[in-house]
Amino acid sequence: MLADKQESSYYVGMNKLPLTKRAQILTLLCEGMSMRSIERVVGCSINSVDKLLREAGEAALLYHDVHVRGVKAQRVQCDQIWSFVHSKAKNAPTNSRARDPTIGDCWTWTAIDSDNKLLLSYIVGGRHAEYALMLMDDLRGRLANKVQLTTDGQKAYLQAVEEACGADIDYGMLVKLYGAETGGQGHEREYSPSECVGARKDAITDSPDPAHISTSYVERQTLTMRMSMRRFTRLTNAFSKKLENHARMVALYAVWYNFVRPHESLRMSPAMAAEIETRLWSMEDVAALCEPKASATRETYKPSEPKSQPAISN
């Protein structure tokens, strides 16, 4: 029985899962299932799932960095999504990991093309101004033309956009206005933010079209991120224990979202809509990125290390 199970799960003579099973694991990771659940469903060890996530995440990071460039976008929207690594900042440990700068609140900064829904750029790290600048610098290198950019009211964007793009951008900021806090105590108040009573559209640089100063598309993509990656789900124990694995999952998600998952309104993948890919990928294609020919130069990538908390970008 043990020999039959081993032969069905691994290549004979090789300690490696077959391509179809690797693709299944990656699919489940991108469909919101936890690693322990995948271990039970697929019938492999959690070490195999963890190893595959590391390899696929690094390969996806490199592929996105090389191929998502020269995008002819018209309108770009930016947003941030909160999560945490190991523990929330207020519950930081006092043991041997207490001085680990990667522990605590973690923010994923994203930029998408609002027309073809392509996830153009992402940064994993803190919420300081340096991360906004890193996002804008990376975004600028992926665009082929001048665009209209919209962000929320985060003040860090103001200097970041000016330093990265100068006057060569139509930049508008959507500032949401919230009412006074109403009722609720404890957890009810914590998870029930104040009601949004309106929004103000500010033209920051050049002449952005007021009709397109919006963050609706990127906020919907943020919801997709939270639903598709188990480690982003609140009130569970599936959160990331290491920043590296958190960033690898985001990188895997980006390739899955851009190249594999057909967008419902576009009826094709965002990469096809942006004309940087001609066909719809399967998850076997993503799993194949981990082969030696695709990862031979992977170690050349070294994420920058800001003063406060490491950032990992595409």
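Per-structure values
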| read-out | value |
| --- | --- |
| Total residues in segment 109-150, condition assigned to a strand (DSSP E or B) and within 24 Å of Arg226 (Cβ to Cβ) | 14 |
| Residue that is farthest from Arg226 (Cα to Cα) [pool: residues in segment 32-47 that are in contact with a Lys or Arg (Cβ under 9 Å, 6 or more places away or on another chain) and surrounded by 14 or more Cβ atoms within 10 Å (Cβ to Cβ)] | Cys44 |
| Index of the failed condition, Ser87 passing every other in (1) farther than 25 Å from Pro262 by Cβ; (2) in contact with a Gly (Cβ under 9 Å, 6 or more places away or on another chain); (3) loosely packed, with under 15 Cβ neighbours inside 10 Å | (3) |
| Residue within segment 141-149 that is buried (at least 18 other Cβ atoms within 10 Å of the Cβ), over 23 Å from Ala211 (Cα atoms) and over 18 Å from the mean Cα position of the chain (by Cα) present | no |
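Coordinate-derived values only; no laboratory data. For clarity, every value in this text was computed on a predicted model and none was experimentally measured. Glycine gets a Cβ as well: all are built from the backbone with ideal geometry, and neighbour counts include every protein chain shown.
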